[in-house]
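FYI, it's all coordinate maths here, none of it is from the lab. On a predicted model such as this, the values are computed, not experimentally measured, just so you know.
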Amino acid sequence: WLTDSPRLGPARRFQIEGLIDGPGFSAASPQTAVADLRHPLLAQPVVEACLSLPTDRLTLGRDRGLARRAFADRLPPEIAARRSKGDLTAYYGRLIARSLPALRPWLLDGALCAHGLLDRRRTEQALTTEQLIWRGGYREIMVAATMESWWRTWTTRIADLRSTS
């Protein structure tokens with residue numbers, strides 16, 4: 001969606017990147033096995049409506065401004081009035097750094113690298129404590145891990161369906 005769209009501005013690209021993260025919120029997981037998760041802001045009509053709006057209308061001058069205004073009567077005042085959700089960069093950085101022993105083989109030996117969707121050499125370089133400290137890239141790593149999980153889950157499901165039919 002992004003590589004062939006040079007006419008998109010940075011805000012629209014960021015919005016689409018957020019949508020790409022969507023499967024991570026509802027894909028099969030231990031959480032979705034025990035809880036029926038609903039993400040009304042990821043419903044197709046809502047997503048389509050938001051994609052049709054100019055990006056400055058989505059923020060209305062602050063993080064999630066349009067959503068905060070739309071749901072103001074359902075939100076506690078301190079949430080409706082806050083400027084952002086905060087920064088979880090340090091949390092994700094520690095989480096990924098602690099997970100490197102499992103995450104490195106998960107991604108480097110996974111389907112995304114095998115099919116050339118991730119550059120193995122660059123991924124290997126990114127998945128070191130030193131690179132995480134100096135360059136970050138936590139969001140991209142989390143997205144890659146989510147997509148790898150999605151790929152593995154669905155290829156297993158498809159194989160199971162083929163074996164039972």
Checklist entry - Cα-based Rg (one decimal) and Dmax (whole number) for the range 87-165, in Å? => result 14.4, 51
Checklist entry - Roughly what angle does helix 89-108 make with the longest principal axis of the chain, taking Cα atoms, 0 to 90 degrees, to the nearest 10? => result 30 degrees
Item to check | Residue of 78, 48, 148 that the Gaussian network model of the chain assigns the largest fluctuation, springs spanning Cα pairs under 10 Å | outcome: 78
Next on the checklist: Compute for the range 15-149: radius of gyration divided by Kirkwood radius, i.e. Rg/Rh, restricted to C-alpha atoms, rounded to two decimals.
Outcome noted: 1.02
Item to check | With Cα atoms, 0 to 90° folded angle of helix 138-164 axis to the chain main axis | outcome: 60 degrees
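For the range 48-88, rounded, prolate or oblate, judged on the Cα gyration tensor with a ≥ b ≥ c (square roots of eigenvalues), a/c < 1.5 rounded, else prolate if a/b > b/c?
Values: a/c = 2.33, a/b = 1.47, b/c = 1.58.
Since a/c reaches 1.5 but b/c is at least a/b, the shape of the range 48-88 is classed as oblate.
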Checklist entry - So how tilted is helix 10-20 from the main axis of the chain? Cα-based, degrees 0 to 90, rounded to 10. => result 60 degrees
